[in-house]
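First up is the structure itself, then whatever we jot down about it.
All of the numbers you see were taken from the coordinates with simple rules; none came from a lab. Everything numeric here is computed off the predicted structure, so don't read it as measured data. Here the Cβ is made from the backbone with ideal geometry for all residues, glycine too, and neighbour counts use every protein chain on show.
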Amino acid sequence: MIDIKYIRENPETVRASQRGRGEDPSIVDQVLAADEARRNAIVEFEALRAEQNIFSKSVGAAKGDERAALLESGKSLSADVKAADTRRAEADTKSQELTLLLSNLLDPSAPIGGEADFVVLEHVGTPRDFSQDGFKPKDHVELGKLLGAIDTERGAKVSGARFYYLTGVGALLEFALVNYAISSAVKAGFIPMITPVLVKPPAMEGTGFLGQAAENVFALEKDDFYLVGTSEVPLAAFHMDEILDGEKLPLRYAGYSTCFRREAGTYGKDTRGIIRVHQFDKVEMFVFCKPEDAVAEHQRILQWEKDFISAMDIPFRVIDVASGDLGSSATRKFDCEAWIPTQGTYREVTSTSNCTEFQARRLNIRMKDGQSTKPVATLNGTLVAIPRMIVAILENHQNADGTVNVPASLRPFLGMTRFELV
RNA sequence: GGUGGCGUGUCCGAGCGGCCGAAGGAGCGCGCCUCGAAAGCGCGUGUUGGGGAAACUCAACCGUGGGUUCAAAUCCCACCGCCACCGCCA
């Protein structure tokens, strides 16, 4: 949510931001109109209520006949107050609903455009030249089968398309990745967390996933729960309705959870393998910090992401995601994309967003800063999303015979240096 | 799933129709005392929104949402959460 005061004072900036995202700028004017109506309704209600408060006190003080007479006249006042209260509540709801439709303000340095208009910020490492090694790389599905690591057929049999089993060394690899991720996060000062994956509507709404992203959210309608698509949701909502001590910021959490995604509108995209699946595990970084520190913190999170991928010895690049592809909460987003040999391209493995105060306002998370109380900034970033990292590791570190070398950083966690054929 | 109890300010805890934004205590802040500190004493100490240069003032907030009433922390209903005991269970 954008601060309504800010919208009032800078409507043109907000309109421009909406346009930059390819969203409707006229919502801004609807928001302003609704806000005006809301404020008028409040003034009206408060005036009546003040009158009634004075009246009620006089009744309390009166005795006998005088009191009985007063009681009669109080009834119509009471009805007026009630009506004004109803109007106030309606105007408030309307204004709230409209304000929630607005996406976060755009960082002016974010590239403008759609999914394809990202800017490449840097390349790290060099894609391996398999012709030098004298063999054609196998894709992760094939390698997964040879190593007994991934079973997509049985995943489909049991749960349908985009489901899979991690088996044997595949399962071990997940545990190693998670352990490596959590232990390095703890070293960096993060508080490790295991979060709920079912959340109630306010948590989902507050993090901004029920807007344009709603079609990708699994819902348990019978029980009024949503399945989270990322632990960003329960981590952000962890401090919902709280006032944090400014001295204790930044608060950094590393959450491990399963993630569920409907992947609506991706029919025919990445249907092979485990690049795009309905369920996977992920370690997510989430930070609450002072608004003025958010940009620097965003860079820190990006650095932790780069460190992780580098530790896996995977070549990757960093992109500055374009305005139309940010999601409603982010003011700016950087993705790290790993080189996938059999696709001959870079694919997103991690992503970090600066949500400024957008989520904090929706979730009512504030900080004490000296005398004043104001919303905090929130940021999130992937430390490791398991399936995509497994894809990158298997494909990049494979040998001609189908065995796969284990990256040095993972060896202590796996107790092996190579995945052998089964 | 059953039964009983409970949700009040930073915390503990009283209030159970009007004089209650709310006693008392702890904590915290300021001052006195002291070489300094503790103890002691005095004063102060919630949030949000509106008006005002300010003093100040108006409205809302006692788990959440409804209802009754001229008037609700207080009565009624529903929901949520917590605690205890019983049953069941990873």
Handout entry: Projected label distance in nm at residue A:296 and residue A:345, using a 7 Å step from Cα toward the beta-carbon
Key = 3.8 nm
Exercise for the section: For segment A:276-313 and segment A:345-371, write down the distance between their C-alpha centroids in whole Å. Expected result: 12 Å
Handout entry: Assigned charges on the beta-carbon of Lys, Arg, Asp, Glu; chain A dipole about Cα centre (debye)
Key = 580 debye
Exercise for the section: Filter the DSSP H helices in chain A by two things, a Kyte-Doolittle mean of at least -1.0 and an axial alpha-carbon span of 27 angstrom or more, and list the hits by number. Expected result: A:27-61, A:64-101
Exercise for the section: Would you look at the GNM of chain A, springs on alpha carbons closer than 10 Å, and say which of A:51, A:122, A:284 moves the most? Expected result: A:51
Practice task
Select from A:365, A:256, A:165 the residue farthest towards the positive end of the dipole of chain A; place +1 on Cβ of Lys and Arg, -1 on Cβ of Asp and Glu, and compute about the Cα centre.
Solution key: A:165
Handout entry: Summed residue charge, Cβ within 14 Å of residue A:319's Cβ, Lys/Arg positive, Asp/Glu negative
Key = -4
Problem - Inter-part distance where segment A:215-266 and segment A:1-74 are each reduced to a Cα centre, Å - result: 32 Å
Exercise for the section: Pick out, from A:60, A:354, A:294, the residue whose Cα sits farthest towards the positive end of the charge dipole of chain A, with +1 on the Cβ of Lys and Arg and -1 on the Cβ of Asp and Glu. Expected result: A:60
Problem - Estimated dipole of segment A:335-416 in Debye, rounded to 20 [Cβ of Lys and Arg +1, of Asp and Glu -1, Cα centre] - result: 540 debye
Fill in the blank from the handout: For the residue A:215, residue A:116 Cβ pair and Förster radius 22 Å, calculated FRET efficiency rounded to 0.05 is 0.55
Handout entry: Pairs from A:5/A:200; A:248/A:374; A:187/A:282; A:200/A:269; A:187/A:374 whose Cα-Cα separation, in the structure shown, is over 21 Å
Key = A:5/A:200; A:200/A:269; A:187/A:374
Exercise for the section: Specify whether the C-alpha gyration tensor of segment A:167-316 places it in the rounded, prolate or oblate class, a ≥ b ≥ c being the square roots of the eigenvalues: rounded for a/c under 1.5, otherwise prolate if a/b is larger than b/c and oblate if not. Expected result: oblate
